[in-house]
Amino acid sequence: MTTTSAAKTDAAQTDAAKTGSALAESPQTDMRFADIDEAHRALAPVMEAIAAVGGPHCEVVLHDLSAGDLEHSIHAILHGEVSGRRVGGPSTNLGAEVLHDQSRDHNAFGYRARTADGRELISSSVYYRDHEGRIIAALCINRDLTPVQGAMDALTALLPAATEDAASEPQELVVPNVSDVLDDMIAEAVAAVGKPAPAMTKADRIEVLRLLEGRGAFHIKRAAERVSARLGVSRVTTYGYLDEVRRG
């Protein structure tokens, strides 16, 4: 092995060690599992307990994120009728964001979400790592607020209207098809730019790609195809823009 090759090898090993260390030192959940099956065995009773107390309007989901397959991440689910999903179903936009940056603490509690048919949920997500520090599982709780909102609407009719807090806007889309998740992310990125696709400049389209890359959208299969179709450009052009964004 030449001196240059040895140096490159040493540098690569050092970078890998740093990456593993950053993942292992993340402040996320201390409980670690060897794989998704071990996580399921440990968390199954917790899922049953939550579902029993929460009732039929409380969905409890265990996602397998170990393989990065967001289209078929649901490993176990209770009361899946809340979102219309089942075992083998997809993750959400938050799953894409987690895989995009595993070094952060992604645990989130009591945030708002919504279903494909517009029902509001209140949700919490806890992420679990393997012994090397990589995120392999997510335990998610989604409670349908429709029954409570129905009761509240009846009471609100007797009270003065209140101003809705912007912070309560849904942060997650919970749907049975990962394509809907991607379409929603694309729509939000286009809306953020503030122009319809035909009126966008190159800089506008690159900004759309930057927003989507920041949310991990390209971890979803066929993302480049759907973005290209929405922006009215070729896949080659989309990949070119994405390279510019990643070179940053």
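Rule-based calculations on the coordinates, nothing more; no lab input. In this text the structure is predicted, and so the values were computed from the model without any measurement. As a convention, Cβ positions derive from the backbone with ideal geometry for all residues, glycine included, and neighbour counts pool all protein chains shown.
Odds and ends about this structure:
- Cα-Cα P(r), the range 205-246, percent of pairs per 5 Å interval: 5, 28, 40, 25, 2
- Percent breakdown of C-alpha pair distances by 10 Å bin, ordered from the shortest bin, for the range 177-247: 22, 63, 15, 0
- Integer Hz, Karplus 6.51/-1.76/1.60 couplings in order for the range 114-122, x for Gly and Pro: 8, 8, 4, 8, x, 6, 7, 10, 10
- Among the GluC sites (Glu not before Pro) in the range 55-133, those placed in a DSSP loop whose Cβ has at most 16 other Cβ atoms within 10 Å are E132.
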